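Structure record follows, encoded as structure tokens.
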Amino acid sequence: MEELDKIQTEISVDICCIEIDYYGTKLAVGDITGKIYIFENANNSMKKTSEILSHTGPINKLSWSHPSFGPLLASAGFDKKVSIYKIDNNRIEEIYNYDNHENSVKTLKFSPSSRNLLLISGDLNGDIVSCEYFNKQFFINKIFAHDYGVNAIDFLDENTFITTGNDNTIKIWNYINQNDNGEIKQILELKEGFDNMTICDLSCKDNSHFVCCGESNGEGVVNYWTLNEEKKWEVKEIYRQKEKLEKIKFNEEHTCIGVIDEKGQEHIILENEL
């Protein structure tokens, strides 16, 4: 695959995670020391515009909100903290933090909604926490989701999201907006196709397709899930290799799937070849 661009970050420590915003003009980078760096597109080149030390340890995950909210950026830390930032005029300002997770926060994701600001985070204790902004306040709801920890979260639509964990299950949830008393309800649990499989990551294409990756019997595996006409989820294995697969994501056009293995090597799966 041709390399289109390379960003010289000048970051001297290990990078833990990156996330590009809705329009592809801002890039957030989190490092092992707890720093977040913002890069912005200037004359077709990404330049660092700001940074902030937010966590006392590695940053595990970053997520951008829908641009109608600013946009906002959220971070999940090894220090059990979730933070939300406003990015404005080359400045990063922390506007909220949640520090009641009981273990390292492995993952988080903003809803794609342009109307309701909703953030879901998951920790290695197995809990998921919703953080919704309503009437100029953040409201919190917490529920247990997975034995042995939550690995990944993504949204099928504005209020329906998927989680996966080290218990070899995928769960589908609905967030019910009740003004200052939102509620998380599990609506489905998927177990088929996980023969001794540890599920590391997932990515949604739309409200009826998603992929997940992980390890099964010592090999890396990618499964593709489809909601059929009978409203039942069907799964098929679309990729297998020797190394464990740790990260997966659809590209913005949903024409291909990128997968990263435990050695840091990227693999591309073309959607039209499935």
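Side notes on the structure shown:
- Kirkwood analysis of the Cα pair distances in the chain returns a hydrodynamic radius of 19.1 Å.
- Packing-based exposure ordering (other Cβ within 10 Å, fewest first) of Lys109, Lys232, Lys48: Lys232, Lys48, Lys109
- Taking other residues whose beta carbon is less than 13 angstrom from the beta carbon of Ile32, and scoring Lys, Arg as +1 and Asp, Glu as -1, yields -2.
- If the chain linking Ile15 and Asp206 were pulled fully straight, counting 0.36 nm for each residue of separation and taking away their Cα-Cα distance, it would gain 65.9 nm.
- Estimated from the Cβ-Cβ distance and a Förster radius of 25 angstrom, the FRET efficiency linking Lys231 and Asn181 is about 0.30.
- Choice from Leu62, Leu108, Leu190 with maximal GNM fluctuation in the chain (Cα, 10 Å cutoff): Leu190
- Whole-number D in µm²/s for region 75-167 (Stokes-Einstein; Kirkwood sum over Cα pairs; 20 °C, 1.002 mPa s): 158 µm²/s
- Alpha carbon Rg of region 197-274, scaled by the compact-globule rule 2.2 N^0.38 Å: 1.05
- Here the Kirkwood formula puts the hydrodynamic radius of region 167-236 at 13.4 Å, using every distinct Cα pair.
- Under a Gaussian network description of the chain, with springs only between Cα atoms under 10 Å, the residue in Ile84, Ile95, Ile153 that fluctuates furthest is Ile95.
- On the basis of the beta-carbon distance and an R0 of 35 Å, Gln137 and Ala42 show a calculated FRET efficiency of 0.45.
- Charge dipole of region 197-274 about the Cα centre (unit charges at C-beta), most positive-ward option of Thr255, Asn223, Asn207: Asn223
Any read-out appearing in this document is the output of simple, stated calculations on the displayed coordinates, not a laboratory observation. Predicted model, so just to flag it, every value in this text is computed and none were measured. Quick reminder, even Gly has a Cβ in these numbers, built from the backbone with ideal geometry, and neighbours come from all protein chains shown.
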